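The values are calculated or read from the model by the stated rules, or taken from the named source; none is laboratory data. Since we're looking at a predicted model, the values are computed, not measured. Don't worry about glycine lacking a Cβ; one is built from the backbone with ideal geometry, like all the others, and counts go over all protein chains shown.
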Amino acid sequence: MTTPTPPIRIPLTQLAPGRRATVECSALDGLPEGDRCLLTAMGLGERCEVRLCRRGHACIVQVDTTRLGIDEQVAARIMVTPIDDAS
C-alpha cells in the first residue's frame, strides 16, 4: 500500500512565471495583520488560485482578472501549491 505524497508547497517567489498555484490555507498566517488584511481585501485569500506574471522586487500575480503587485519579502512568506497544467 502506497502512502499518498503530500502536495508540494513552495514560496510564491519560487513559482515560475506563467505558472498557476493555489494559495495554502495557512499561507497568510505568518504575515503581519495589516499585510494579511490588505491582501485578503484585494482577493488574495485562502484557497484562491493565482498566476505569477513576474518575479522581482515586486512580484506581479493575477487573481481572477486582477493583477496585484506584492513586495518580494511578503511574497516570499506566502506558501503556494503549484497546479499541474498538464492534467
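Scan the stretch 65-73 and tell me whether some residue there is modelled with pLDDT of 90 or more, over 21 Å from ILE8 (Cβ atoms) and surrounded by 16 or more Cβ atoms within 10 Å (Cβ to Cβ).
Within the stretch 65-73, one or more residues are modelled with pLDDT of 90 or more, over 21 Å from ILE8 (Cβ atoms) and surrounded by 16 or more Cβ atoms within 10 Å (Cβ to Cβ).
State all residues of the stretch 68-82 that are more than 14 Å from GLU49 (Cβ to Cβ) and either of a type outside the set (A, V, I, L, M, F, W, C) or touching a Gly at 6+ places or on another chain (Cβ under 7 Å) (or both); if no residue qualifies, say none.
Hits for the stretch 68-82 are GLY69, ASP71, GLU72, GLN73, ARG77.
Scan the stretch 32-56 for residues that are closer than 14 Å to VAL80 by Cβ and in a loop (DSSP other than H, G, I, E, B) and report the count.
6
Need the failing condition index for THR13 against (1) assigned to a loop (DSSP other than H, G, I, E, B); (2) in contact with a Cys (Cβ under 8 Å, 6 or more places away or on another chain), just the number.
So THR13 meets the others, but not (1).
Cβ-Cβ under 6 Å, sequence separation 6+ or interchain: first residue in the stretch 26-49 and over 15 Å from ALA75 (Cβ atoms) and of a type outside the set (Gly, Ala, Ser), partner assigned to a loop (DSSP other than H, G, I, E, B) and modelled with pLDDT under 85. Which pairs?
GLU46/CYS25
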